[in-house]
Amino acid sequence: MSDTDTAAWAGLLRVHAALVPVLDRELQTACGLPLTWYDVLLELNSAPDRRLSMGELGAAAVVSRSRVSRVVDQLAADGLVTREGNPDDRRSAYAAITDAGRARLRAAAPVYLAGIERHFTSRMSAAETRTVAAALEKVLAAQRNRA
């Protein structure tokens, strides 16, 4: 492994560790919405029928699989998602975004997107942003193919 490989990995970890708390704080201050909630709402909103099984949500969201159930419970308590039973498998359930959840997501989106631009993409050229996005997608695609 080269020094560049190690530096790339360390840089990814440091950027994630530095920016996630900043984006979380900005979302909570402006919208009362933690970043984990935003992420789960975003995944549900873009899913077919705006719902996912808990397993699918755990795989798609940035929240750990073990934590996704707790986040869904919190979102449900706030009326932003509902839990729906799976008629084909009584052991599993779906999480579905509500109209109130979609409204909160829409209200928070400008804060989230402005934070990404202010703290991340504005630090790179457009070409660098494309390169970073393409490189990270290659890594994710390889992981998806393994699973």
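Among the residues of the stretch 119-131, those identified as part of a helix (DSSP H, G or I) and within 18 Å of the chain's Cα centre (by Cα) are H119, T121.
Within the stretch 110-130, the set of residues being open to solvent by 90 Å² or more (accessible area, probe 1.4 Å) and farther than 30 Å from A77 by Cβ comprises E117, R118, R123, E128, R130.
Condition check for L44 on (1) farther than 14 Å from V72 by Cα; (2) in contact with a strand residue (DSSP E or B) (Cβ under 8 Å, 6 or more places away or on another chain): one failure, at (1). I'd like to know if the stretch 32-51 contains one or more residues that are under 26 Å from V15 (Cα atoms), in contact with a Lys or Arg (Cβ under 8 Å, 6 or more places away or on another chain) and not in a helix (DSSP H, G or I). Yes, the stretch 32-51 has at least one match. Within the stretch 66-76, identify whether any single residue is over 27 Å from L140 (Cα atoms) and either open to solvent by 50 Å² or more (accessible area, probe 1.4 Å) or touching a residue at least 40 places away in the same chain (Cβ under 8 Å) (or both), and answer yes or no. Yes, because at least one residue in the stretch 66-76 is over 27 Å from L140 (Cα atoms) and either open to solvent by 50 Å² or more (accessible area, probe 1.4 Å) or touching a residue at least 40 places away in the same chain (Cβ under 8 Å) (or both).
Of all positions in the stretch 1-8, none carries a residue that is open to solvent by 40 Å² or more (accessible area, probe 1.4 Å) and touching a helix residue (DSSP H, G or I) at 6+ places or on another chain (Cβ under 8 Å).
What residue, among those in the stretch 38-58 that are touching a residue at least 60 places away in the same chain (Cβ under 8 Å) and not polar (S, T, N, Q), is surrounded by the fewest Cβ atoms within 10 Å (Cβ to Cβ)? Show your work before the answer.
We begin by selecting, within the stretch 38-58, every residue touching a residue at least 60 places away in the same chain (Cβ under 8 Å); these are 38, 41-42, 45.
Cutting the leftovers down to not polar (S, T, N, Q) gives us 38, 41-42.
Details: Y38: 22, L41: 27, L42: 18.
Only one residue tops the list, namely L42.
Of all residues in the stretch 77-109, exactly one satisfies the criterion of being in a strand (DSSP E or B), out of contact with any helix residue (DSSP H, G or I) (no Cβ under 9 Å at 6 or more places or on another chain) and either without any contact (Cβ under 8 Å) to a residue 12 or more places away in the chain or surrounded by 15 or more Cβ atoms within 10 Å (Cβ to Cβ) (or both), namely G85.
The values are calculated or read from the model by the stated rules, or taken from the named source; none is laboratory data. Small disclaimer: the values here were computed from a predicted structure and weren't measured. Cβ coordinates were reconstructed from backbone atoms using ideal geometry, including for glycine residues, and neighbour counts include every protein chain displayed. The accessibility values were calculated without ligands, DNA or RNA, using every heavy atom of the protein model including side chains. Shrake-Rupley method; radii C 1.70, N 1.55, O 1.52, S 1.80 Å.
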